[in-house]
Amino acid sequence: MAVPGLVLGLGYIFFFNAPNNPANALYHTMTLLVLCTIVHFYTTGHLTAVTALKALDAEFEAVSASLKVPFYRTFWRVTLPICTPALLDISRYFFINAMTTISAVVFLYSPDTKVASIAILNLDEAGEPGPAAAMAVLIAATSLAGCVLYLGLGWLVERKTQKWRNLK
């Protein structure tokens, strides 16, 4: 959480651009951009997941073990449904930040990997403030549409997996 995106991007350049590095093939690929974005914003998602898991009763696993229920069934039927809203929040967080990040990505993109947030910088440098503003509005509209989709999906998930919260 404390590493700025610019430092992360420069570190990725030095590591992945080294000719003797076997991971050099990832340089200038979309895979590296996705990996960098996940690493850059990982801590917030991790803390959200840990908080959701800590909210669970610790006795679920003990009870399922005493009833000889396999751990994967307990995970699939208890842990995952309870934590699904947190997983949706994490994926929405990654989506919004991936749409708007510039700091690390500016060092890692190539002409083959078109990134919308970098296109704003390129258009502005080319003296095209109108198209740059239009691209920014498109990113904001896409992020808004993504949030609306996540809200709808969250409502469906809450309705299906969180009925037990409303029982009294």
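Heavy-atom accessible area for Met30, with the other protein chains in place and a 1.4 Å probe, reaches approximately 90 Å².
As a calculated quantity, the FRET efficiency between Asp57 and Leu144 at R0 = 30 Å, using C-beta atoms, amounts to about 0.25.
Using alpha-carbon positions, what is the distance between the centroids of the range 133-164 and the range 15-42, in Å? So the separation of the two Cα centres works out to 29 Å. Across the chain, the relative contact order, built from alpha-carbon pairs under 8 Å that are at least six residues apart, equals 28 percent. Length gained on full extension, Asp124 to Thr43, computed as 0.36 nm times the residue gap minus the Cα-Cα distance: 26.0 nm. For the chain, lysine pairs with C-alpha atoms less than 24 angstrom apart, excluding pairs fewer than eight positions apart on the same chain, total 5. Here Thr48 sits with roughly 50 square angstrom of accessible surface, probe radius 1.4 Å.
When the chain is treated as a Gaussian network with alpha carbon springs shorter than 10 Å, the biggest mean-square fluctuation among Val69, Val78, Val106 belongs to Val69. Using every pair of distinct Cα positions in the chain, the Kirkwood expression returns a hydrodynamic radius of 18.9 angstrom.
Full extension of the chain between Tyr93 and His28 yields a length gain of 21.0 nm, computed as 0.36 nm times the residue separation minus the alpha carbon distance. Protein heavy-atom surface of the chain, 1.4 angstrom probe: 69% of the accessible area is carbon and sulfur, with nucleic acids and ligands not counted. Put Tyr27, Tyr109 in order of accessible area, highest first, and with a 1.4 Å probe you get Tyr109, Tyr27.
The values are calculated or read from the model by the stated rules, or taken from the named source; none is laboratory data. These numbers were taken from a predicted model, which means no experiment stands behind them. Here the Cβ is made from the backbone with ideal geometry for all residues, glycine too, and neighbour counts use every protein chain on show. Note: areas computed on protein heavy atoms with side chains; ligands, DNA, RNA excluded. Shrake-Rupley method; radii C 1.70, N 1.55, O 1.52, S 1.80 Å.
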